[in-house]
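First comes the structure, then the notes that go with it.
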Amino acid sequence: MRFFILTCACFIVPDVHSVKVFSYKELRKATHDFGGANKIGEGGFGSVFRGVLKDGTVVAVKVLSATSRQGIREFLTELTAISDIKHENLVTLIGCCAEGSHRILIYNYLENSSLAQTLLGTRYSNIRFNWRARVKIAVGVARGLAFLHEEIRPPIIHRDIKASNILLDKDLTPKISDFGFARLLPPNATHVSVRVAGTLGYLAPEYAIRGQVTKKSDIYSYGVLLLEIVSGIHNTNTRLPAEDQFLLERTWRLYEKGNLNEIIDVDLGDDLDVEEACCFLKIGLLCTQDGMARRPNMTNVVRMLTGEKIVAVDKIARPAMITDFAEFKASNKEQRSRAETLSHTTKSFTTTEPFSSSETPTQSSSV
Ligand SMILES: Nc1ncnc2c1ncn2[C@@H]1O[C@H](COP(=O)(O)OP(=O)(O)OP(=O)(O)O)[C@@H](O)[C@H]1O
Ligand SMILES: [Mg+2]
């Protein structure tokens, strides 16, 4: 076990247990000098490389952008949030590097990339997501999130649950990644007020509009993800006719008509339990309810997914939708061009400042 204290600008990293500190040289070697052939992805905060450590362990090396203060902040948040947390459905942080201006995180390498690149990706993927695989992914992600919300103290709100943050190992076991936006919930607080970060399309309205983060905002994002898992459709597709662009809206319309099965991924063919799939879609609608109190907690979501608890269909009302946002009430044309812009810049709201008074945890009993 190693301990370190890192100071950069005004930050001090608390002792971080179980995280190995790597030298930059070691990581350069592991990734062939961060070579293009080793690059496996690029996110809002930097690039991700595949690497092989001296002992043969295959890792994913996430190099945070050196110039951005946000990158440093994400680095610190991620370290404190996940260094001591282990769960089958959470990605494991192996180590870090904080040499000079370098901020690097080292994770277990996950062979089957992210749900965004495989299930929802436009490029060919040789993974076939049959119904059992989708059930395993939906339940696994829900268990990981229930663990963060209900089983650890203080609880962690992830804040960026989305398909690109769900990684898959060789057996398609899902692992929630990217705790960079995570917020630790102080004892007795039900929400923290923060500047809005995250990805539009998965954002709960109270979070997008008021910056109010609760476990229920993660649950909203999970609901959108669940609809994506069952339908195989990305939550926003601006190439479709206006009325079909948003998956949540489409699902709700079909639910109202009693035709929910029409949104189930056609790729599943007959390999499917239609009743279970429709049940998952209803859980997705419950998780995305406008009233936060109507959204079930993650422990109950797991119980509903596994059939231990009945889905409270009487609580399903029209979900909170992206098109309800004030700016979306504009004309159809404006609506489309705005949606287009937002879908290209998926991380449309991000924090750019270090910790500030707006991020001071607030006590509330509203949920
Ligand atoms: N541990 C890992 N194992 C395998 N691939 C990974 C791992 N971590 C990240 N990746 C790959 O790198 C890609 C980029 O990840 P990253 O978290 O930087 O960005 P993102 O999730 O796509 O976007 P955002 O910055 O909005 O979170 C992922 O989509 C995934 O394909
Ligand atoms: Mg990510």
Can you confirm whether the range 153-169 contains a residue that is part of a loop (DSSP other than H, G, I, E, B), hydrophobic (A, V, I, L, M, F, W, C) and within 15 Å of ligand 1 (Cβ to nearest atom)? yes
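Have a look at LYS282, LYS315, LYS309 and point out the one that is over 16 Å from TYR220 (Cβ atoms) and of a type outside the set (Gly, Ala, Ser). Show your work before the answer.
Values: LYS282 fails: over 16 Å from TYR220 (Cβ atoms); LYS315 fails: over 16 Å from TYR220 (Cβ atoms).
Just one listed residue meets the conditions, LYS309.
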Taking the range 112-166 as the region of interest, how many residues are closer than 20 Å to THR236 by Cα and within 16 Å of ligand 2 (Cβ to nearest atom)? 16
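Being over 29 Å from GLU150 (Cβ atoms) and modelled with pLDDT under 80 narrows it down to one residue among SER83, SER65, SER101, SER18; which is it?
Numbers: SER83 fails: over 29 Å from GLU150 (Cβ atoms); SER101 fails: modelled with pLDDT under 80; SER18 fails: over 29 Å from GLU150 (Cβ atoms).
One residue alone meets the criteria, SER65.
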Considering only the range 126-142, I want to know if a residue exists there that is at pLDDT below 95, within 10 Å of ligand 1 (Cβ to nearest atom) and either outside any strand (DSSP E or B) or farther than 27 Å from GLU26 by Cβ (or both). no
Select from the range 77-117 the residues that are surrounded by fewer than 21 Cβ atoms within 10 Å (Cβ to Cβ), β-branched (Val, Ile, Thr) and assigned to a loop (DSSP other than H, G, I, E, B) and list them in ascending order. ILE85, THR92
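Over 26 Å from HIS149 (Cβ atoms), in a helix (DSSP H, G or I), modelled with pLDDT of 95 or more and out of contact with any Phe, Trp or Tyr (no Cβ under 9 Å at 6 or more places or on another chain): does that describe GLU275?
On the way: over 26 Å from HIS149 (Cβ atoms): yes; in a helix (DSSP H, G or I): yes; modelled with pLDDT of 95 or more: yes; out of contact with any Phe, Trp or Tyr (no Cβ under 9 Å at 6 or more places or on another chain): yes.
Taking the combined requirement at face value, the residue satisfies it.
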Going by what's in this entry, would LEU27 be described as buried (at least 19 other Cβ atoms within 10 Å of the Cβ), modelled with pLDDT under 90 and either in a loop (DSSP other than H, G, I, E, B) or more than 16 Å from ligand 2 (Cβ to nearest atom) (or both)? no
Expected output for the range 43-55 (first residue without any contact (Cβ under 8 Å) to a residue 24 or more places away in the chain and within 16 Å of GLU111 (Cβ to Cβ), partner of a type in the set (S, T, N, Q) and more than 6 Å from ligand 1 (Cβ to nearest atom), Cβ below 7 Å, 6+ apart or cross-chain) is PHE49/THR31; PHE49/ASN38
For the range 170-181 the number of residues that are within 10 Å of the chain's Cα centre (by Cα), of a type in the set (A, V, I, L, M, F, W, C) and either in a loop (DSSP other than H, G, I, E, B) or away from ligand 2 (no atom under 11 Å from the Cβ) (or both) is 2
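Regarding the range 225-248, can at least one residue be identified that is farther than 27 Å from ARG128 by Cα, within 16 Å of ligand 1 (Cβ to nearest atom) and either in contact with a strand residue (DSSP E or B) (Cβ under 9 Å, 6 or more places away or on another chain) or in contact (Cβ under 8 Å) with a residue 24 or more places away in the chain (or both)?
Just the residues of the range 225-248 that are farther than 27 Å from ARG128 by Cα, to begin with: 241-243.
From what's left, within 16 Å of ligand 1 (Cβ to nearest atom): none.
Within the range 225-248, none of the residues are farther than 27 Å from ARG128 by Cα, within 16 Å of ligand 1 (Cβ to nearest atom) and either in contact with a strand residue (DSSP E or B) (Cβ under 9 Å, 6 or more places away or on another chain) or in contact (Cβ under 8 Å) with a residue 24 or more places away in the chain (or both).
The values are calculated or read from the model by the stated rules, or taken from the named source; none is laboratory data. In this text, all values refer to a predicted model and were calculated from it rather than measured experimentally. Note that each Cβ is placed from the backbone with ideal geometry, even for glycine, and that neighbours are counted across all protein chains shown.
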